[in-house]
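A.B. asks: One structure, as structure tokens, below. Some questions next.
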Amino acid sequence: MAVAETQLYAKVSNKRRSKSTSALLESLLTKGFPAHIAQKALAATGQKTIEDAAKWLHSHCNDPSLEDPIPQEYALYLCPTGHLHNHLQEFWKESKHQCGKNRAHEIFPHITLCDFFTCEDQKVELLYDTLKRVGDRFSHSFPTSISLSLHSSTSYLGFFIGDSHANILKEFAVAFSSEAATLADCHVKPCLKQLHLTLAHKFYPHHQKTLEQLAKCINPEEACQWVAALYSRDMRFVHYQTLRALFQYKPQNIDELMINAGDFIYVDPRQQSDVSEGWVIGTSHRTGCRGFLPKNYTERVNESDTWVKHRQVEVLEYVFVTASRLFTQSENEPNVKLNGEVHKPNTSRSVTNVLSLQNATLRRGVLVMRHGERVDQVFGKSWLQQCLTADGKYYRADLNFPSTLPKRKDNMKDFESDPPLSCCGIFQSKLIGEALLDQEVTVSYVYSSPALRCVQTAQHILQGLKLDQKVKIRVEPGLFEWTKWEISRVIPNFMTLTELAEASYTIDTSYRVNFPLSSLVPSESYEEYVSRSSAVIKQIITACPSKGKGVILIVGHGSSLASSTRPLIGLPARDSSDFAQAVRKIPSLGMCFCEEIKEENKWQMVNPPVKTLTHGANAAFNWRNGIVED
């Protein structure tokens with residue numbers, strides 16, 4: 001048991017116990033559940049219904065921490081509802097789409113009245129009584145309107161609450177804190193600093209203008225129903241990563257975790273160093289059980305997705321018609337200019353309208369993609385030895401080997417350092433091409449690393465797009481991966497353009513490369529690789545006409561996603577150790593998408609036009625083992 005958890009146990013075990021006589025608790029007691037377990041279930045589910053609590057108890061029947069007395073953590077938030085909430089959610093969506101995720105996206109729109117504090121499970125009912133009593137006391141003193149002012153800086157964007165109205169909310173928070181200490185024995189710290197509703201936090205400075213434009217479309221003057229609500233979270237997993245299961249996984253071994261689609265899993269990054277690649281060890285939010293699970297069955301989500309909103313106290317649903325002063329402290333002009341068009345700040349406009357206005361300036365997109373599954377990724381570096389007969393002829397030793405290999409004039413052993421795609425890699429590539437076709441993505445130019453696996457990926461993507469007879473592949477040596485990672489410490493002997501064309505790959509043989517193959521340096525430094533990648537992507541952008549809305553497809557390596565996109569959107573290169581860690585996590589056909597905002601002379605990274613491709617492993621099988629032979 002960790003020292004911190006031991007201290008928690010001692011702290012909560014020594015506290016005075018109190019009894020709750022709620023109807024929900026009585027119902028669980030009549031079903032035979034011990035009081036402390038029933039109270040734990042009610043606290044974990046927000047004390048909403050007996051069905052929720054009973055379901056939680058059933059799911060946690062094998063939870064090793066079920067008897068542990070660690071309480072939930074609670075926070076008191078003031079949350080908008082109605083039209084203002086809808087506009088804020090629209091801002092959340094579009095700001096993430098246009099500028100990427102920032103810290104504000106980790107939680108829903110709210111004003112913090114009291115930050116997180118602990119409350120014993122058996123005293124949560126008293127916490128509700130506290131909230132109701134304080135709400136009754138302040139019901140006639142709340143303002144008839146709340147003043148919201150838009151504040152902007154290089155790392156923060158949000159609404160500040162006007163002083164007079166903020167003072168009333170602070171008094172409310174102080175009163176709740178005092179009553180909670182008396183009634184529920186809780187130490188609650190009210191928020192006494194500048195009250196605010198955050199829109200964006202810790203974003204890149206060059207996104208400030210775009211975020212401001214989107215924020216000025218929010219009209220907080222509409223009638224808004226503000227609700228004071230208690231939210232809780234499991235304090236044990238506050239600093240963990242939160243994953244959500246995309247698919248069901250049934251354990252194959254006793255130390256693996258059963259997960260259903262939609263389950264949340266808490267993962268401690270500090271405990272993953274000894275875990276096999278592609279796996280993580282975590283704790284299920286639904287069952288409390290711990291075990292190993294395949295990482296590609298999950299996606300990263302926000303910790304707040306697991307928070308529980310507690311049973312509402314009806315008296316606190318006060319309605320405030322907000323009379324707002326909409327301006328930014330960095331820009332106080334009465335009218336806002338957006339793409340040259342003047343708009344009144346007090347006019348209600350959809351955030352989506354801003355997106356449509358800005359889309360008019362978008363000209364090009366760059367889709368950078370890692371190649372598909374390579375054959376040595378599945379069968380190891382000695383894969384070629386498994387496929388050669390005694391006289392050196394290739395044969396298909398497994399259905400995931402390619403049916404044939406393209407002809408190359410030099411030694412067939414060159415395939416060892418320049419391997420082809422597996423059959424699954426070919427399928428992956430065609431599937432991505434078909435998905436791009438379904439999304440009506442117009443690919444105008446295709447660039448590929450000289451590695452065979454990249455050329456093949458580009459070819460099969462074009463086939464999926466039905467463009468293999470219309471768009472030719474420009475083979476660019478400058479797109480090859482960081483040469484330090486080549487095991488042989490020499491540059492691979494790639495197939496020539498003539499060989500590729502004779503193998504029926506749609507190659508642009510007239511293309512003049514930006515970085516000659518002879519210029520690739522074995523074991524280049526990280527700085528040399530970053531410089532090469534930055535120069536090549538800029539030369540590719542310059543070479544492709546900016547007219548129209550065509551997408552430039554670049555098929556490279558895992559390292560290409562960062563090295564080709566970060567200089568494009570104006571970000572510095574990562575530290576070399578961080579870069580290596582990030583590349584290891586990029587799967588086959590992993591992709592990044594950048595769009596050009598020509599009027600502002602910049603590029604921004606947005607969501608790719610198609611979803612990611614996730615699938616599980618399929619090990620080799622010998623029918624003799626376990627079927628015929630013992």
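A.B. asks: By a straight-distance test (C-alpha under 18 Å), which lysines pair with Lys40 as possible cross-link partners, with residues fewer than eight away in the same chain excluded?
C.D. replies: Lys40 reaches Lys11, Lys15, Lys19, Lys31, Lys48, Lys55, Lys123, Lys309.
A.B. asks: To continue, here is another question. How many lysine pairs does the stretch 427-583 hold where the Cα atoms are under 30 Å apart and the two sit 8 or more places apart or on different chains?
C.D. replies: Eligible lysine pairs with Cα atoms under 30 Å apart amount to 19.
A.B. asks: Probe 1.4 Å, all protein chains in place: accessible area of Ile627 in Å², nearest 10?
C.D. replies: 120 Å²
A.B. asks: Roughly how many Å² is the accessible area per residue of the chain, as a whole number, for a 1.4 Å probe?
C.D. replies: 49 Å²
A.B. asks: May I pose another question? Can you give the % of DSSP beta bridges in the chain that are antiparallel, to the nearest 5? Write out the running numbers ahead of the final one.
C.D. replies: Values: 65 of 83 bridges.
Among the beta bridges of the chain, antiparallel pairing accounts for roughly 80 percent.
A.B. asks: Determine the order of Ser449, Ser523 by accessible area, beginning with the largest, at a probe radius of 1.4 Å.
C.D. replies: Putting Ser449, Ser523 in descending order of accessible area: Ser523, Ser449.
A.B. asks: Over the alpha carbons of the stretch 28-109, what is the largest minus smallest coordinate on each principal axis, giving the biggest first in Å?
C.D. replies: 52, 27, 21
A.B. asks: Same structure, new question: Run the helix sum for the chain: -39,500 (n - 2.57) per DSSP H stretch of 4+ residues, divided by residue count, reported at 222 nm to the nearest 500 deg cm²/dmol.
C.D. replies: Helices in the chain give a 222 nm mean residue ellipticity of -9000 deg cm²/dmol.
A.B. asks: Suppose we keep just the alpha-carbon trace of the stretch 99-166; what are its Rg and Dmax in angstrom?
C.D. replies: Calculated on Cα positions, Rg and Dmax stand at 16.5, 45 Å.
A.B. asks: More than 34 angstrom separation, counting every C-alpha pair in the chain; what % is that?
C.D. replies: 56 percent
A.B. asks: Moving on. Please say if the stretch 100-251 is rounded, prolate or oblate, where rounded means a/c under 1.5 for a ≥ b ≥ c the square roots of the C-alpha gyration tensor eigenvalues, and otherwise the choice is prolate for a/b larger than b/c and oblate otherwise?
C.D. replies: Oblate shape, in that a/c is at least 1.5 and b/c is the bigger or equal ratio.
A.B. asks: Mind computing the radius of gyration and Dmax over the alpha-carbon atoms of the stretch 481-630? Å is fine for both.
C.D. replies: 19.6, 71
A.B. asks: If you don't mind, there's one more thing I want to ask. Treating the angle as unsigned and between 0 and 90°, give the value, to the nearest 10°, between the Cα long axis of helix 50-59 and the longest Cα principal axis of the chain.
C.D. replies: The answer is roughly 40 degrees.
A.B. asks: Between Rg and the Kirkwood Rh of the stretch 473-527, both from Cα atoms, what is the Rg to Rh ratio?
C.D. replies: For the stretch 473-527, the value is 1.01.
A.B. asks: When the dipole is taken about the Cα centre of the chain, and only Lys, Arg (+1) and Asp, Glu (-1) are charged at their Cβ, what size is it in debye, to the nearest 20?
C.D. replies: With only Lys, Arg, Asp and Glu charged at Cβ, the dipole is about 820 debye.
A.B. asks: When the accessible area of the chain is computed with all protein chains present and a 1.4 Å probe, what percentage of it is carbon and sulfur?
C.D. replies: About 51 percent, which is the carbon plus sulfur part of the accessible surface.
A.B. asks: Compare Phe621, Phe264, Phe415 by solvent-accessible area with a 1.4 Å probe and give them largest first, with all protein chains kept in place.
C.D. replies: Descending accessible area places them as Phe621, Phe264, Phe415.
A.B. asks: Another question about this same structure. When a/c reaches 1.5 or more, the comparison of a/b and b/c decides; with that in mind, is the stretch 230-273 rounded, prolate or oblate per its Cα gyration tensor?
C.D. replies: Oblate, since a/c reaches 1.5 and b/c is not below a/b.
A.B. asks: For Trp307, Trp485, give the ranking by accessible area with the largest first, probe 1.4 Å.
C.D. replies: These residues rank, largest area first, as Trp485, Trp307.
A.B. asks: Taking the stretch 133-291, how many lysine pairs are there with alpha carbons less than 27 Å apart, if each pair must be eight or more places apart or span two chains?
C.D. replies: 9
A.B. asks: Pairing the Cα long axis of helix 124-138 with the longest principal axis of the chain, what angle in degrees results, from 0 to 90 and rounded to the nearest 10?
C.D. replies: In the chain, helix 124-138 runs at an angle near 70 degrees to the longest axis.
The values are calculated or read from the model by the stated rules, or taken from the named source; none is laboratory data. None of the values given here were measured: they were computed from a predicted structure. Counting neighbours? That spans all protein chains shown, and the Cβs are built from the backbone with ideal geometry, glycine included. SASA here: full protein model, heavy atoms, side chains in, ligands and nucleic acids out. Shrake-Rupley method; radii C 1.70, N 1.55, O 1.52, S 1.80 Å.
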